1. How would you classify the range 185-334 from its alpha-carbon gyration tensor, with a ≥ b ≥ c the square roots of the eigenvalues: rounded for a/c under 1.5, else prolate if a/b is greater than b/c, otherwise oblate?
2. Multiplying the sequence separation of ARG239 and ALA302 by 0.36 nm and subtracting their Cα-Cα distance, what value in nm do you get?
3. Using alpha carbons only, how many angstrom separate the centre of the range 317-337 from the centre of the range 119-156?
4. Can you sort LYS24, LYS211 by solvent-accessible area, 1.4 Å probe, largest first?
5. Highest mean first, how do 120-131, 173-184 rank when packing is the count of other Cβ atoms within 10 Å averaged over residues?
6. Quick one: ranking TRP280, TRP231 by accessible area, 1.4 Å probe, largest first, what do you get?
7. If I build a Gaussian network model for the chain, linking alpha-carbon pairs within less than 10 angstrom, which residue out of SER252, SER91, SER118 has the largest mean-square fluctuation?
8. For LYS298, list the lysines whose Cα falls under 26 Å from its own Cα; do not include residues on the same chain fewer than 8 positions away.
Amino acid sequence: MSEKRKRKVVLLGSTGSIGTSTLKVARELPDRIEIVGLAANQSIETLAAQARETGVRHVALFDRTQESALRRLLPEGVKIYLGAEGLAEISVLAEADIVLVAIVGTMGLHPALAAIQSGKDLAVASKEILVMAGEVITNAAKKHGVKILPVDSEHNAIFQCLDGHRGGQEEVSRLILTASGGAFRDMPSDQLAHVTPEQALKHPTWNMGPKITIDSATLFNKGLEMIEARWLFGIDMDRIEAVIHPQSLVHSMVEFRDGSVLAQLSRTDMCFPIQYALTWPDRVAGHLQPLDFPKLAKLEFAEPRHADFPALGLARKAGLAGGTMPAVFNAANEVAVDAFRAGNLSFTHISGCVAQVMNDHELQPSCDLETLIAADAAARQLAKRYCESHQM
């Protein structure tokens, strides 16, 4: 058994759903987790309340215009880091040993790389980091001898299933990501073009932010996770699959070359994967409720409706192409989802936008972080033009 230790955590994205769940886990395990830095985009009241509760001496705020207002809300002696540079600065705090990145979008890329380069482990809850820059990030982690610990429930489940298997990639036949299917998993094909953002935001299982909830409805969330898994676990895209599992109790599975399958199950509560990522390699008793198997009605699995939800095929295409294509896939989807939420694009045109932008993109097979960010920006412009030409 490993020696009991306390992880000192910088939490980027502390005011979002993952951030607040992380603080809940830390609150319940004070002898194992200490928050030493907090960062948010612009929610200064929530950020200040979190700083007072945790007693941190370091906070970062991306929105520079609110510095004075935040300073008035914070206790004396708390240092404020500002803008993109501030996020990178707080990610290399000397007292921290792990940085949990829960920032949506490209904002988390430079802080994640800075944390790795300073020798800190990285807990990843932001899909963009590994979707856009998986090769850059994983190569840097290998170079600096740090761990990348997945926080997403699906990747955390695979991480748990693979933990302790000495054979590594050679033992694995398939990674099987489970998907709830989102709000429209049973909706007839001819009705999908007419669904509203309000309908898409009614997730049947999870309570998440609006972007990820709509991605769940389109299955783009699962497509992004397929690309993430390719880099997290070093498994080829053709060995990564998704199945629909409405109950969301089996969080993912690993099929080994002998035909055996290991699955990880728990309640639908993001505190489970957050706790495992921050206390790994230990399993720590906490306040999370285990499953009551006699009360489980059934566990169902089904093949995704690929024709109605093209995201999985587009993700596989992007992952196989590599280079700048996953960044383009992600950027085009973000723009299309924003247009759908604003009522300017139909639900089915989200995937149409991504397919068109990927088709128009000139692939760059090998790239650094700045090239990826440039590809992201170019893809957003192409996606905006598509959305304008298909405006409802």
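1. In terms of gyration-tensor shape, oblate.
2. Here the segment from ARG239 to ALA302 would lengthen by 20.9 nm.
3. So the two Cα centres are separated by 18 Å.
4. If we order LYS24, LYS211 from most to least accessible, we get LYS24, LYS211.
5. Sorting 120-131, 173-184 by mean packing, highest first, produces 120-131, 173-184.
6. Working: TRP280 40, TRP231 60 Å².
Most to least solvent-accessible, the answer reads TRP231, TRP280.
7. Largest GNM mean-square fluctuation: SER118.
8. Within reach: LYS202, LYS222.
The values are calculated or read from the model by the stated rules, or taken from the named source; none is laboratory data. Remember, predicted model here, so these are calculated numbers, not experimental data. In this analysis, Cβ positions are derived from the backbone assuming ideal geometry, glycine residues included, and neighbour counts consider all displayed protein chains. Just the protein is used for accessible areas: all its heavy atoms, side chains included, with ligands, DNA and RNA removed. Shrake-Rupley method; radii C 1.70, N 1.55, O 1.52, S 1.80 Å.
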